[in-house]
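Colleague: Pasting in a structure now, in structure tokens, and then I'll have a few things to ask.
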């Protein structure tokens, strides 16, 4: 099973929200900028997470999104389920009547085993686990991207001056 960009970007957005929303809700526009995801697509992603009780949406001048629960209470299985739907590798895993061959199928057991393995792994990990994972401090990781301020690319003469002087673009 290949997870869609909806789940991959959703996980990145959750990491970003967890890293930034301790004080106040975070505006989706800020997350979109840091994660390099279009605002429209991000709005599409957070809808199920709000409806599923993972995120809270706050309206108003200082509104935005924040975690509804602590990061260590958010199971990745629940997040993937909200964003992808069923974790079943095939439809017949949970509903054998969908296929006339299910009773004698040589591969149905394999699909069920793969589904169970995904459910076990995702059911045993939380958002907090991702935030404190072995690679969370590595340059280029999703967690680092979530906590690093968004920087616009520098072009032209200004970029050349920075390269020569060794200054930072910030």
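The values are calculated or read from the model by the stated rules, or taken from the named source; none is laboratory data. A quick note: this is a predicted structure, and the numbers were derived from the prediction, not measured. Reconstructed Cβ throughout: ideal geometry from the backbone, glycine too, with neighbour counts over all protein chains shown.
Colleague: Please go through segment 1-32 and give me each residue that is more than 15 Å from the chain's Cα centre (by Cα) and farther than 15 Å from residue 50 by Cβ, ordered by number.
Modeller: If the condition is that a residue be more than 15 Å from the chain's Cα centre (by Cα) and farther than 15 Å from residue 50 by Cβ, then 1, 22, 23, 24, 29, 30 are the ones that fit.
Colleague: Are there any helices (runs of 4 or more DSSP H) wholly within segment 72-150 with 2 or more residues that are modelled with pLDDT under 85, and if so which?
Modeller: 142-147
Colleague: Quick check, is residue 53 at positive phi, touching a helix residue (DSSP H, G or I) at 6+ places or on another chain (Cβ under 9 Å) and either surrounded by fewer than 18 Cβ atoms within 10 Å (Cβ to Cβ) or not in a loop (DSSP other than H, G, I, E, B) (or both)?
Modeller: yes
Colleague: Cβ-Cβ under 6 Å, sequence separation 6+ or interchain: first residue in segment 20-43 and at positive phi and surrounded by 11 or more Cβ atoms within 10 Å (Cβ to Cβ), partner modelled with pLDDT of 95 or more and assigned to a helix (DSSP H, G or I). Which pairs?
Modeller: none
Colleague: Starting from residues that are farther than 18 Å from residue 127 by Cβ and in contact (Cβ under 8 Å) with a residue 40 or more places away in the chain, keep the ones in segment 1-19 and report whichever is surrounded by the fewest Cβ atoms within 10 Å (Cβ to Cβ).
Modeller: Residue satisfying both the conditions and the ranking: 4.
Colleague: Let me ask you something else. Sort out which residues of segment 73-87 are more than 15 Å from the chain's Cα centre (by Cα) and over 15 Å from residue 4 (Cβ atoms), and write them in order of number.
Modeller: Of everything in segment 73-87, just one residue is more than 15 Å from the chain's Cα centre (by Cα) and over 15 Å from residue 4 (Cβ atoms), namely 73.
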